[in-house]
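For reference, the structure discussed in these notes is given below.
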Amino acid sequence: MAKKGSSGILIIGLAALIYLVARKTNSVKAINQYDLNEDGVVDEKDLELFKTVYGKTVDINNPLTVKADFNGDGFVNMSDFGLFIEHYQGRAQ
Ligand SMILES: [Ca+2]
Ligand SMILES: [Ca+2]
């Protein structure tokens, strides 16, 4: 009886671990969207790029405006900046 109980806990623990790993994988994917210069980190270089297109309308001839429109509403504005800051990693990474 006691053994049955502990194996149940083990399965829950394993499920939690798989969930955490899956979550981590998802967040890595999400970060890539904000990595404007695609160097693997969302930092001040991406912020500099973001600033060059801030306030602009998305233009297919200017791929950076397409990338920086994170919420896809056709404009690079404060809403996109808010999303960018949420994913900003800075120099720590
Ligand atoms: Ca970057
Ligand atoms: Ca936008």
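No value in this document is a laboratory result; all are computed from the given coordinates. Quick caveat, the model's predicted, so the values are computed rather than measured. Don't worry about glycine lacking a Cβ; one is built from the backbone with ideal geometry, like all the others, and counts go over all protein chains shown.
Computed from the Kirkwood radius of its Cα pairs, the Stokes-Einstein diffusion coefficient for segment 2-92 at 10 °C and 1.306 mPa s stands at 105 µm²/s. Rounded to the nearest 20, the size of the Cβ-charge dipole of segment 2-92 about its Cα centre is 800 debye, with Lys and Arg at +1 and Asp and Glu at -1.
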